[in-house]
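The values are calculated or read from the model by the stated rules, or taken from the named source; none is laboratory data. Model, not experiment: these values are computed from the prediction. Counting neighbours? That spans all protein chains shown, and the Cβs are built from the backbone with ideal geometry, glycine included. In case anyone asks, the SASA skips ligands and DNA or RNA and just uses the protein heavy atoms, side chains included. Shrake-Rupley method; radii C 1.70, N 1.55, O 1.52, S 1.80 Å.
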Amino acid sequence: MPDNHFEHKAKNKLDELKFIPSEAVWLNVQAQIKKDKDRRRLLLWLPAACLLLGAGTWYLFHGKSKIYPVHVISTLSENGKNKINPSSETVESEKNRAIAVIPTDHSASNVQQQINHPRYEPKNKRSPLKENRQEPESRKPSGANESSMILGIEGRDQKKDVRKAEPQTNAPVIIQDSKKSRDAGINPAPDSGSVARANRKISSKADSTARGIAKTGGDDNLKNSPRKKTRTSNQDNIQWGITGGAGLSSHFNRFRNNNPYYTSNYGVPGNDHSFPPEKQSISFYIGLQAQKMLNNTTKIFAGLQYSYSEVRIAPGNLVNMPAAVYAGNYSLTNINSYYLVSGTNNYNYTNQYHFVEIPLGIEKQLGGKSRFSVNAGISLAWLVAVHALQYDPQTRIYFKENSYFNKAQWNVLGGIEYRLLQKEKYTLKIGPQFQYGLSGLLNRKSSYTEHAFFGGFQVLLMRTRK
Amino acid sequence: MTDDHKLIRDCLKGRPAAQQELYEKFAGSMLGVCYRYTKSMSDAEDVLQEGFIKVFRYLSQYKSEGELGAWVRRIMVNTAINYLKKNRHYQADLSFKDPGLHPVSADNPEMRIEAKELADLIRQLPPGYQTIFNLYAVEGYSHVEIGKMLGISDVTSRSQYSRARALLIVWLEKESGDLKKNSYAR
C-alpha cells in the first residue's frame, strides 16, 4: 500500500469521482436479471420434466403387470377326501386377488393323485379353511360333497410373493387344511419347501379376508369372482408413452381493426402495412402421452408436455430513449428503450417462447391393418416464460412488453402417424405434425394479433399392451 | 450495515425495487471507477453494466464480512480488467512494453485540479500504465497482486507504475502551471 502523499491525494481525489450513468445501463441490467431468472426457472422445470420422462420410461418398460395368475389345484371335500382340480384359472385384477372357497364335487378316486402331487403343502396350519371350520355351522360352506378351494383378498405385498414364488416352480398355489390332510393320510412332501413357504405366507395373509368372505356370503358370492376378468378392461385400455417432436415455427401477424395506424392507413397507396420479415426457427416439444382405445381403430389421447419455439427477427439497432407506442384500443404505452427497424435483414434477435401444454385429441387408424393413422385435437398451453419483442407499425419500432402476452393459449393440432415398429413391449410411431395457435400470442393491449404455427415431425413411443 | 443486509435479502428474493435501490446506491461511484480504467464513457458504461450483472448474479455469494461497497467495487475492477483484456482496442496497448517515457518530476506535486480532471489525466496514460496506476495507487493492490491479475511479473508492475506516476506528476505540474497562468491572466 503506497504511503506517499501523492498516492493519498490521488486516491482521495478519485474517490470523489461520480457520474450519473445513462438509463440504458439499468434497463439492460434489469433485462439480464430477468433473463437469468427465466433461465433459473427453466432449470427448475428441467429436472421435473426429466423426472416425468424417467418415470414414464420406467413405467413403459418395467411398469406393473396386471395379470396375476391363480392356479386352482387342490380342493378338499368335507368328508376329508381330496382331489386335484385339473383346471387352472387366471385371475386378472387391479388391486386385489380373490381367494375364495369354491365348492366342487370330487370323487374319492382323485384323492390319491392329490397325495402324490409334489407341490402340495400339508404344514399350512393357519389356512383359512381351518379358521372357517371354527365358524358356526350355518356360515360354513354347505353341501357334504363340496370341497373347498381357498381364495382371499390379496394386497400388493402378496402380489410380490406370488411373483416370487411362481418363477421358482411355476407352481400352482396350494392352500390346504392340514388337519384334513392328516385325516386323509397325507404326508408332507419333502420337495415342496420353498413353494410351500411362499404359499403359507400368502394363505396366512389372506386368512382374515377369507374368513370375512366366508362369514358374509359363503361360496356363492365368491364362486364367480375369479372369472370377472373384464372388470379391469377400462384401465387396461389406457396406454402410456413418451412423445416428442421437432420442427420449424413461424408466426402469422395481422393488425387489429382498432389499431389507429391500420384504420387511418389501410388501403392508402404507398403505405407500408407489412410487418418486417421474420425468419422461421426451431421448435420442439417433449412429454408424456396417455391413449385410451375406444374401439379397434380409434383412440383418444391426452398428454403433458413442455414445448419451446422461437422466431428470429431483424429489429434493427437498440435505442435507449423513452418513447410511446400505440397499443390496441387507441391507447399509448410508454417504453424506455426500443429497436429501430433499419430495413436490413440482419436477424440479430430471437423471440423465445416456453410453454407447458396439455394436448387432447383423437387418433384414427386408417383401416384395420394399416400402419397409418391420423390424429387431430386441441391443446391448452400455458406460457411459462417469454423473451420476445413486439412491433409497432406506426413508429416502426420493436419494443419489449411482456404484459402484452396471453398466458393461456388454445391451439389446434393434427398430423399423420406411421407405425414404424411394433415390438413386444412398445410401439414406435413417427409422422408429420402441425399445430396452430387459435387464441393468439398477444392480448388486446397489442395493436396486432400473432398466431404461432408449428410444423415438424413427431415421434411417439407407446408401451404395448399384451 | 443493517440496511445493506435488508437490501441484499430483498434483492435475493428478486424484488425489483430493492435491485434498483442497490443499483442506484452504487452506480454513480462505480461508474467513476470504471471511467478511470477505460478510455471512453461508453466503454465505462459497458463495464458498469457487465459489473452490475455480475453483482446481482453472485450476490448470494457475498459474505457480510466486509462492506458491500468494497465488494461491489472489487467486482467492478475485475470486470474492467477483463474488459480491457478482451477488448481488441485495449489489447494492443496492454502489452506493458516500455514506451520510452522517462519524465523527471517532483515527488509531491500540488493537486489543484478536480477529480474528473485527474481521472482524465490518468486516462491519457497508455492503458498498461493506466491500469497499474489505478490498481496500485487507488485500489491499493500490491505489485505482486497486480502481477498476478495482469499476468506480468511484479518487477514489470513496479517499473511501469513508477513511470506512470512520474508521467502523471509532470502532467499535473503542467496543469497546475496552466491553472496558475490562467488565474494570473484573469
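Structural remarks
- The trypsin sites (Lys or Arg not before Pro) found in segment B:1-92 that occupy coil by DSSP, while having at most 13 further C-beta atoms within 10 Å, are B:K13, B:K63.
- With a cut-off of 17 Å on the backbone N, the residues of segment B:38-81 near the modelled label site 7 Å out from B:K25 along Cα-Cβ are B:52-76.
- In nm, spacing of pseudo-spin labels at A:I378 and A:N295 (7 Å Cα→C-beta vector): 2.5
- Buried accessible surface for the B/A chain pair comes to about 3100 Å², total over both chains, computed with a 1.4 Å probe.
- The candidates B:K148, A:K9, A:K369, arranged from most to least accessible area with a 1.4 Å probe in the full protein assembly, appear as A:K369, B:K148, A:K9.
- Of every Cα-Cα pair in segment A:334-466, the percent that sits beyond 20 Å: 58
- If you take all other residues with their beta carbon under 12 Å from the beta carbon of A:L43, and give Lys and Arg +1 and Asp and Glu -1, the sum is +2.
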